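K.L.:
Sharing a structure with you now.
The values are calculated or read from the model by the stated rules, or taken from the named source; none is laboratory data. Predicted model, so just to flag it, every value in this text is computed and none were measured. As a convention, Cβ positions derive from the backbone with ideal geometry for all residues, glycine included, and neighbour counts pool all protein chains shown. When the accessible area is computed, the model is the full protein with side chains, heavy atoms only, and any ligands, DNA or RNA have been set aside. Shrake-Rupley method; radii C 1.70, N 1.55, O 1.52, S 1.80 Å.
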Amino acid sequence: ANLVSLAIFKYAYFGMDCVKSGLNIFHVDWTAPHLHIILPLGISFFVFEFIHYLVDVYKGSKAVSSWMEFSAFAAFFPSQIAGPIKRYQEFESSLRSPIPWSSALFYEAMTLIVQGMFKKIAIADALGWVFASSYSTLAPLSAVDAWIAFFGFSIQIFCDFSGYTDIGRGSALLMGIRLPVNFQLPYIAEDIATFWRRWHISLSTWIRDYVYIPMGGSRCSYGEGLRNLFLTMTICGLWHGAAWQFIAWGSLHGLALIANREWKRILEKSPDLNSVVSQAPFKVVNVCVTFLFVAACFVMFRAPD
């Protein structure tokens, strides 16, 4: 029921566009109806948290006994726009026993809020204005404009997402509730798997626990494990937006994770090679290559189509 709700509100028009494109191949002209759908604010986070709750209770976790507590879990505004995705077990205990008010708590909360606002307003919004024209035109770009658009959006999207998260975490902390850390220096990750352990951590762990592992995870044949990894990241891309560029973005990350897993297997079989690539210069190269790949994929993420 949760997924159907998400499909209707978020993916109905995308689905009709796909049907229309398919019919056009056979020269069938079809005008998609206008359904007057308005996307509810934060619907993806609501759905993910509800699915997490239902699955965990089904598996034996204790259900929330109070309707008011469950309503607070669902409607807790600091985390509903950009995460982090809450786990109800942790949230319920925090709701019942909030952190006592203190000057140190206030200082920590306001530091997060001001830090988040600086990231969002001073960096992300300002950068978005600088290179917006580069993504809105098909005209050739100069080398400088192309590199600014390439690196600029990577900085913008990090400051935007992590800035929102900092504001949300700080706002929650003012009420005595500590939300999980959602970003841990992802752009200095040495490989793509480490990047996803540091980027939008609550989403990555949710996708792992409720998509990848139920598919079979890595507890199956090696080929099936790679398939599960690819499909999981493709679904992750679709979650970010109802458009083919998001699916392609997720699929590329899926292929990168497969390549990373294959590389790890090679290193396990070759201790000499492993000792060489463990040296500091190679770690710097790994960080640079990983960031360049992530930035290149973000160009597709930012593209209008």
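K.L.:
Looking only at residues that are without any contact (Cβ under 8 Å) to a residue 12 or more places away in the chain and of a type outside the set (A, V, I, L, M) in the stretch 137-155, which one is farthest from Cys288 (Cα to Cα)?
P.N.:
Keep residues of the stretch 137-155 that are without any contact (Cβ under 8 Å) to a residue 12 or more places away in the chain, which gives 137-144, 147.
Those still in the list that are of a type outside the set (A, V, I, L, M) too: 137, 140, 142, 147.
Values: Thr137: 29, Pro140: 27, Ser142: 23, Trp147: 15 Å.
Out of the qualifying residues, it is Thr137.
K.L.:
List every residue pair whose Cβ atoms lie under 8 Å apart, where the two residues are 6 or more positions apart in sequence or sit on different chains, the first residue falls within the stretch 116-136 and is closer than 21 Å to Pro84 by Cα, and the second residue, located anywhere, is surrounded by 14 or more Cβ atoms within 10 Å (Cβ to Cβ) and among the hydroxyl-bearing types (Ser, Thr, Tyr).
P.N.:
Gly116/Ser162; Gly116/Tyr164; Gly116/Thr165; Lys119/Ser162; Lys120/Tyr164
K.L.:
With (1) farther than 16 Å from Asp191 by Cα; (2) more than 18 Å from the chain's Cα centre (by Cα); (3) in contact (Cβ under 8 Å) with a residue 12 or more places away in the chain as the list, and Asp272 as the residue in question, which single condition is left unmet?
P.N.:
All conditions are met except number (3).
K.L.:
If you don't mind, another one. So which pairs qualify, if the first residue must be in the stretch 90-105 and among the basic types (Lys, Arg), the second must be open to solvent by less than 70 Å² (accessible area, probe 1.4 Å), the Cβ gap must be under 9 Å, and the two must be at least 6 apart or on different chains?
P.N.:
That search, which allows pairs on different chains as well, returns Arg96/Glu69.
K.L.:
Just to be sure before I move on: is Leu231 farther than 21 Å from Ile155 by Cα and surrounded by 13 or more Cβ atoms within 10 Å (Cβ to Cβ) in the structure I sent? It would help to see each step written out before you state the result.
P.N.:
On the way: farther than 21 Å from Ile155 by Cα: yes; surrounded by 13 or more Cβ atoms within 10 Å (Cβ to Cβ): yes.
Spelling it out, Leu231 is indeed farther than 21 Å from Ile155 by Cα and surrounded by 13 or more Cβ atoms within 10 Å (Cβ to Cβ).
K.L.:
Give the residue, chosen from Trp196, Trp147, Trp244, that is of a type in the set (Phe, Trp, Tyr), under 25 Å from Asn286 (Cβ atoms) and open to solvent by 50 Å² or more (accessible area, probe 1.4 Å).
P.N.:
Just one listed residue meets the conditions, Trp147.
K.L.:
Which one of these is open to solvent by 80 Å² or more (accessible area, probe 1.4 Å), of a type outside the set (A, V, I, L, M) and touching a residue at least 12 places away in the same chain (Cβ under 8 Å): Asp56, Asp17, Asp29? Can you show your working first?
P.N.:
Details: Asp56 fails: open to solvent by 80 Å² or more (accessible area, probe 1.4 Å); Asp29 fails: touching a residue at least 12 places away in the same chain (Cβ under 8 Å).
Result: Asp17 is the single residue among Asp56, Asp17, Asp29 that is open to solvent by 80 Å² or more (accessible area, probe 1.4 Å), of a type outside the set (A, V, I, L, M) and touching a residue at least 12 places away in the same chain (Cβ under 8 Å).
K.L.:
Something else about it: Specify the residue that is farthest from Ile8 (Cα to Cα); the eligible residues are those in the stretch 41-66 that are over 19 Å from the mean Cα position of the chain (by Cα), modelled with pLDDT of 90 or more and not small (Gly, Ala, Ser). First the steps, then the outcome.
P.N.:
Initial filter on the stretch 41-66 (over 19 Å from the mean Cα position of the chain (by Cα)): 53-66.
Still in the list and also modelled with pLDDT of 90 or more: 53-63.
Retained after the next criterion (residues that are not small (Gly, Ala, Ser)): 53-59, 62.
Details: Tyr53: 21, Leu54: 20, Val55: 22, Asp56: 25, Val57: 25, Tyr58: 25, Lys59: 28, Lys62: 30 Å.
Ranking the candidates gives Lys62 first.
For every residue, the table says whether it meets (1) crowded, with 16+ Cβ neighbours inside 10 Å; (2) more than 19 Å from Ala146 (Cβ to Cβ); (3) at pLDDT below 95.
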site: Arg265; (1), (2), (3): no, yes, yes
site: Lys269; (1), (2), (3): no, yes, yes
site: Asp272; (1), (2), (3): no, yes, yes
site: Ser275; (1), (2), (3): no, yes, yes
site: Pro281; (1), (2), (3): no, yes, yes
site: Phe293; (1), (2), (3): yes, no, no
site: Ala303; (1), (2), (3): no, no, yes
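K.L.:
Evaluate the following for Leu23: is it among the hydrophobic types (A, V, I, L, M, F, W, C), surrounded by fewer than 16 Cβ atoms within 10 Å (Cβ to Cβ), modelled with pLDDT under 90 and closer than 27 Å to Val64 by Cα? It would help to see each step written out before you state the result.
P.N.:
Details: among the hydrophobic types (A, V, I, L, M, F, W, C): yes; surrounded by fewer than 16 Cβ atoms within 10 Å (Cβ to Cβ): yes; modelled with pLDDT under 90: yes; closer than 27 Å to Val64 by Cα: no.
No, not satisfied.
K.L.:
Would you mention how many residues in the stretch 105-136 are modelled with pLDDT of 90 or more, more than 20 Å from Phe183 (Cα to Cα) and open to solvent by 70 Å² or more (accessible area, probe 1.4 Å)?
P.N.:
Within the stretch 105-136, residues that are modelled with pLDDT of 90 or more, more than 20 Å from Phe183 (Cα to Cα) and open to solvent by 70 Å² or more (accessible area, probe 1.4 Å) number 2.
K.L.:
Right, next: Let me spell it out: the conditions are (1) farther than 25 Å from Phe50 by Cβ; (2) at pLDDT below 95; (3) open to solvent by 30 Å² or more (accessible area, probe 1.4 Å); (4) not in a loop (DSSP other than H, G, I, E, B), and Tyr187 meets all of them except one. Which number is the exception?
P.N.:
All conditions pass for Tyr187, except number (2).
K.L.:
So, of the residues in the stretch 59-91 that are touching a Gly at 6+ places or on another chain (Cβ under 9 Å) and open to solvent by 20 Å² or more (accessible area, probe 1.4 Å), which turns out to be farthest from Val211 (Cα to Cα)? Give the derivation first.
P.N.:
The initial filter retains those residues of the stretch 59-91 that are touching a Gly at 6+ places or on another chain (Cβ under 9 Å), namely 77-84.
Filter once more, keeping what is open to solvent by 20 Å² or more (accessible area, probe 1.4 Å): 77, 81.
Details: Phe77: 25, Ile81: 22 Å.
Checking each candidate, the answer is Phe77.
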